[in-house]
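Everything below concerns the one structure shown next.
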Number of protein chains: 2
Amino acid sequence: MSETRWSLHPQLAADTVTVGDVALSRVLAMNDADFPWLILVPRRAGVSDMIDLGVEQATLMDEIALASRALKEETRCDKLNVAAIGNVVPQLHVHIIARNRVDPLWPKPVWGASAGRRYEDGEITRFVASMRRRLGIES
Amino acid sequence: MSETRWSLHPQLAADTVTVGDVALSRVLAMNDADFPWLILVPRRAGVSDMIDLGVEQATLMDEIALASRALKEETRCDKLNVAAIGNVVPQLHVHIIARNRVDPLWPKPVWGASAGRRYEDGEITRFVASMRRRLGIES
C-alpha cells in the first residue's frame with residue numbers, strides 16, 4: 001500500500017495537534033482537555049479497517065502498545081480505551097484514551113459524548129512534549 | 001499468565017452465546033439482533049488492558065483479524081468497529097461489530113446506545129454456526 005498517496009483526513013487534522021510519526025502511523029493528540037487522548041493514523045492510502053492493512057497489522061499493534069504504555073505511564077490512568085470506529089471519518093484511525101474513575105464521563109465511552117473542551121494555551125504543548133519524549137519522537 | 005485461574009466474567013456470560021475457543025481467546029456472540037457482534041476474551045486471569053497481555057498481544061491481534069474477516073465475509077458490512085473499552089466489565093474483552101449505513105444507530109457507536117433487542121429463537125444459533133464454520137471452531 002502506498003504512503004505517497006496518503007494524506008491526513010481534514011477532520012482529524014482539525015481536531016488534533018500533531019505529535020509526530022512512528023514507523024507506520026502518524027500520532028495525533030486530540031484537543032480535548034478532559035481526556036488524555038492519542039490517535040494513531042497509519043500512513044497508508046485507502047485503508048479503512050485494520051484488516052485492510054494486511055501484514056502491517058502487526059506493526060499497528062506494536063504502535064498501539066507503545067502509545068498505550070506512554071499514555072498510561074504519563075497519566076497513571078485507571079483504564080485505557082482503545083478503538084477503531086471510523087463510521088464518520090473513514091480513514092483508519094485508532095483512538096487510545098486514558099480514562100479515570102473520576103473523569104467527566106466515567107464509565108461511559110467518550111465518542112460522541114465528550115463536551116470537547118479545548119486545552120488552554122500551553123497545556124496541550126506540554127502534553128504533546130511529554131508524549132514525544134515517551135514515544136522517542138524528535139520535535 | 002495463568003489460563004487455569006481464568007473464568008468468564010458473569011456479565012459477559014449473561015449477554016452472549018459462546019461461539020468457542022481459538023488459541024488465546026474465548027469467542028462470544030453478543031445477543032443483540034440489530035448488530036452482528038463478536039467479543040474476544042483472552043483466557044488469561046487478571047488482564048484488563050491489551051498491554052497487560054505482553055507478548056500475547058500479537059496473538060490477540062491475529063485473532064481480531066480472524067474474527068473481523070469472518071464477520072465481514074458473513075455480513076458484507078460497510079464498516080467494522082473494533083474496541084477494547086472495559087470501563088464497566090474490567091476483564092479484557094474486544095468488541096468486533098459489523099456496522100451498516102442502514103443500521104439503527106449509524107453512524108453512532110453502539111456501546112451504551114443499542115436497544116439490546118435479543119435474537120429470536122434460531123436466529124442466533126444460525127449466526128453462531130456460521131461464525132464457528134468461518135473460524136474453524138468445532139461445535
Long-range amide H partners of A:Gly20 with built H, under 5 Å: A:Val27
Exceeding the 20 Å Cα-Cα cut-off - candidates A:Lys72/B:Lys79; B:Lys79/B:Lys108; A:Lys79/B:Lys72: A:Lys72/B:Lys79; A:Lys79/B:Lys72
Relative contact order [Cα under 8 Å, 6+ residues apart], segment A:71-139, whole percent: 25 percent
Buried solvent-accessible surface, both chains (A, B), 1.4 Å probe, Å² to nearest 100: 2500 Å²
Cβ-vector label at 7 Å, A:Trp106, separations to other copies in nm: 3.6
The protein assembly as shown, accessible area per residue, ligands and nucleic acids excluded (1.4 Å, Å²): 46 Å²
Rounded to 10°, Cα long-axis angle of helix B:57-75 versus longest principal axis of chain B: 20 degrees
Order of exposure, largest accessible area first, which applies to A:Trp37, B:Trp106 with probe 1.4 Å: B:Trp106, A:Trp37
Listed residues A:Asp32, B:Asp78, A:Asp62 arranged by accessible area, highest first, probe 1.4 Å: A:Asp62, B:Asp78, A:Asp32
Counting all C-alpha pairs of segment A:10-135, share separated by more than 27 Å (%): 12 percent
0 to 90° range, to nearest 10: angle between helix B:123-135 axis and chain B longest Cα axis: 50 degrees
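If the chain between A:Arg101 and A:Arg118 were fully stretched, how many nm would it gain, using 0.36 nm times the residue separation less the Cα-Cα distance?
Result for the pair: 4.0 nm of gain on full extension.
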For a label point 7 Å along the Cα-to-beta-carbon line of B:Ile137, residues of segment B:48-71 with backbone N under 16 Å: B:60-71
Estimated [θ] at 222 nm from DSSP helical runs (n ≥ 4, -39500 (n - 2.57)) normalised by residues in chain A, nearest 500: -8500 deg cm²/dmol
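Over chain A, what is the relative contact order in whole percent, taking alpha-carbon pairs under 8 Å and six or more residues apart?
Once normalised by length, the contact order is 28 percent.
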A:Lys108 - accessible surface, heavy atoms, 1.4 Å probe, Å² rounded to 10: 130 Å²
Förster radius 22 Å - calculated FRET efficiency between A:Glu74 and A:Asp34 (Cβ-Cβ, nearest 0.05): 0.90
Within 10 Å of each Cβ in B:82-92, the average number of Cβ atoms from other chains: 6
For A:Arg134, label point 7 Å along C-beta direction: distances to other copies, nm: 3.6
Nearest-20 debye value, the protein assembly as shown charge dipole, Cβ charges on Lys, Arg, Asp, Glu: 120 debye
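The values are calculated or read from the model by the stated rules, or taken from the named source; none is laboratory data. Worth saying up front: this structure is predicted, and the values here are computed from it rather than measured. Neighbour counts are summed over all protein chains in view; Cβ atoms, including those assigned to glycine, are modelled from backbone coordinates with ideal geometry. All accessible areas refer to the heavy atoms of the entire protein, side chains included, with ligands and DNA or RNA removed. Shrake-Rupley method; radii C 1.70, N 1.55, O 1.52, S 1.80 Å.
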